[in-house]
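Student: Sharing a structure with you now.
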Amino acid sequence: VQLQASGGGLVQTGGYLRLSCAASGTRRSINAMGWYRRAPGKQRELVAQIRSGGSTNYGDSVKGRFTISRDSAKNTVYLQMNSLKPEDTAAYYCKVNLEYSGLYYWGQGTQVTVSS
C-alpha cells in the first residue's frame with residue numbers, strides 16, 4: 001500500500017491549510033484513515049481519525065478547528081485545518097488501517113509550519 005500525502009506548507013497564525021492523503025495499491029477495504037503529527041522534541045500524537053462508517057475522533061488540541069473527511073471511492077482522506085497556531089507546527093503523517101486485518105500503513109509525512 002502506498003500513501004501519498006500533500007498539502008503542507010508555511011502559513012501565518014490564524015491561517016488554514018488542507019492536507020490530502022491518497023492510498024493506492026490495495027484491493028482490501030480500508031477501515032480507519034487518520035492523521036498524526038510529531039513536533040520536534042515531542043511524541044507523535046493523534047490529530048484526527050475517520051472510520052469507514054463515518055465516525056470521527058479528534059485530538060483535544062484540534063477540536064473545533066480541524067475537520068477530517070474522506071472520499072472512500074478515491075481512498076483519500078482530507079484534513080481541513082483552520083485557525084492554525086504555532087503549536088500546530090509539526091510533520092503530519094497519514095495512516096490507514098485495512099479492514100479485517102491488523103495491517104496498517106503510514107504515509108511519508110508532510111510538514112506544516114505556522115509562523116507567529
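The values are calculated or read from the model by the stated rules, or taken from the named source; none is laboratory data. The model shown is predicted, which means the values in this text are computed figures rather than measured ones. Every residue, glycine among them, receives a Cβ derived from its backbone with ideal geometry; neighbour counts consider all protein chains shown. Just so you know, the surface numbers come from the protein's heavy atoms only, side chains and all, with ligands and any DNA or RNA stripped out. Shrake-Rupley method; radii C 1.70, N 1.55, O 1.52, S 1.80 Å.
Student: Would you list Ser20, Ser6 from the most to the least accessible area, probe 1.4 Å? Don't jump to the answer; show the numbers that get you there.
Tutor: On the way: Ser20 30, Ser6 60 Å².
Correct descending sequence by accessible area is Ser6, Ser20.
Student: Going toward the positive end of the dipole of the chain, with +1 on Lys and Arg Cβ and -1 on Asp and Glu Cβ, which of Ser29, Tyr104, Ser61 do you reach last?
Tutor: Looking along the dipole axis, the top candidate is Ser29.
Student: Also, I was wondering about something else. How big is the equivalent ellipsoid of the chain along its three axes, where each semi-axis is √(5λ) from the Cα gyration tensor, reported in whole Å from largest to smallest?
Tutor: On the way: eigenvalues 116, 36, 32 Å².
Each semi-axis is the square root of five times an eigenvalue, giving 24, 13, 13 Å.
Student: On to the next question. Rounded to whole Hz and in sequence order, give me ³J(HN,Hα) for the stretch 4-18 from the Karplus expression 6.51 cos²θ - 1.76 cosθ + 1.60, θ = phi - 60°, writing x for Gly and Pro.
Tutor: With the stated coefficients, the stretch 4-18 comes to 10, 9, 7, x, x, x, 9, 9, 7, 3, x, x, 9, 8, 10 Hz.
Student: Still on this model: If you plug each phi of the stretch 67-78 into the Karplus form 6.51 cos²θ - 1.76 cosθ + 1.60 with θ = phi - 60°, what whole-Hz ³J(HN,Hα) values come out, in order, with x for Gly and Pro?
Tutor: Working through the residues one at a time gives 9, 9, 8, 8, 10, 5, 5, 9, 6, 10, 10, 10 Hz.
Student: In debye to the nearest 20, how big a dipole does the chain give about its Cα centre with +1 on each Lys and Arg Cβ and -1 on each Asp and Glu Cβ?
Tutor: Values: 14 positive and 6 negative charges, 27 e Å.
For the chain, the charge dipole is close to 140 debye.
Student: Right, here's the next one. Over the heavy atoms of Asp60, what accessible area does a 1.4 Å probe trace out, to the nearest 10 Å²?
Tutor: Counting only protein heavy atoms, Asp60 exposes about 130 Å² to solvent.
Student: Same structure, new question: Sketch the reach of a paramagnetic label on Ser52 as a point 7 Å from Cα along Cα-to-Cβ, and name the residues of the stretch 8-27 whose backbone nitrogen lies under 12 Å away.
Tutor: 27
Student: Hey, can you find the accessible area per residue of the chain for me, probe 1.4 Å, expressed in square angstrom?
Tutor: On the way: 6310 Å² over 116 residues.
Roughly 54 Å² per residue, with all protein chains present.
Student: Just need the relative contact order of the stretch 1-113 here, percent rounded to a whole number, with Cα pairs under 8 Å and 6+ apart.
Tutor: Relative CO of the stretch 1-113 lands at 36 percent.
Student: Find out how many positive minus negative residues lie around Leu98, taking Lys and Arg as positive, Asp and Glu as negative, among other residues whose Cβ is under 12 Å from that of Leu98. Walk me through the intermediate numbers first.
Tutor: Working: positive: Arg27, Arg28, Lys95; negative: Glu99.
Value of the local net charge: +2.
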